[in-house]
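Heads up, the thing below is written out as structure tokens.
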Amino acid sequence: MGLDVSELEPVSRRSTAEIVADRIRTAIMRGTFPPGTQLGEVELAGRLGVSRGPLREAMQRLVAEGLLRSERHRGLFVRELDADDVLDVYIARTAVERAAALLVLAGDRGAAAVRLTGALGAMEAAARAGDAVALADADHDFHAELVAASGSPRLRRMTDSLLVETRMCLAALQDTGPPAPDLLAEHQILRDAVRDGDEARFVTTLEAHMTDAVTRILAAMPGGASAPGTPPTVPA
């Protein structure tokens, strides 16, 4: 007996829980749900127009990613990042992006440079418009493109999570970033180093970029504290 394909409906490639997790993740990243916010199931399910089953699955995914924390008898809250968390996020990002860059430099550097040039163009447009949020989005995309160009799905998954945590670190600190011309110059150097196959220049610039971010974020935190017992630098 043959199969009547007309009876088949397209299979969604993404589950409802995945889509819901993405939307909550984006809301956390953009500061819609600031650190410490309690997320109520009933209200959130209503706002997203989904049942509580997929919502619970999505929220558990975000707990596993470290973006939400669960308190017994109280519920789920957006994680609050302290100085140690900030330093750890940037140490992890430096390690992941350095590893991705080594794969890129050993592969098709030209294709990677094209991807980074597109992301850099978005950064330049945001800077010209004076849009700090769009500039942060484009900066985020530049680093995501770098890791995606490595071809490693695991590095990409780690980067997706780390970039959300980065935006959590920066959400309330948009005005503390480096001047746009300096930020663009750093990313141009990273792009050029990939294009030219200059590993030393790439790594040196990346480490300086991450260290500067840590220093600025920690200085803007209450009390201007650095991580206890740790200088505000990202280890090489």
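Summary of computed values
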item: Residues of the stretch 62-81 that turn out to be surrounded by 16 or more Cβ atoms within 10 Å (Cβ to Cβ) and over 16 Å from the mean Cα position of the chain (by Cα), as a count; result: 2
item: Tabulated pairs, the stretch 110-121, first touching a residue at least 12 places away in the same chain (Cβ under 8 Å) and on the phi < 0 side of the Ramachandran plot, second β-branched (V, I, T) and crowded, with 20+ Cβ neighbours inside 10 Å, C-beta under 8 angstrom, 6+ apart or interchain; result: A112/V104; A112/V194; A113/V194; L116/V194
item: Unmet requirement for T32, which otherwise passes all of (1) at pLDDT 90 or above; (2) at negative phi; result: (1)
item: Condition met for D141 (under 20 Å from M29 (Cα atoms) and free of Cβ contacts under 8 Å to residues at least 24 places away in the same chain); result: yes
item: Listing of helices (runs of 4 or more DSSP H) fully contained in the stretch 131-233 that carry 1 or more residues being over 16 Å from A99 (Cβ atoms), among the polar types (S, T, N, Q) and modelled with pLDDT under 95; result: 153-170, 199-220
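For every residue, the table says whether it meets (1) in a helix (DSSP H, G or I); (2) among the acidic types (D, E).
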residue: P54; (1), (2): yes, no
residue: E57; (1), (2): yes, yes
residue: R61; (1), (2): yes, no
residue: L76; (1), (2): no, no
residue: L81; (1), (2): no, no
residue: I91; (1), (2): yes, no
residue: A101; (1), (2): yes, no
residue: A126; (1), (2): yes, no
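The values are calculated or read from the model by the stated rules, or taken from the named source; none is laboratory data. Not measured: the values here are computed from a predicted model. Here the Cβ is made from the backbone with ideal geometry for all residues, glycine too, and neighbour counts use every protein chain on show.
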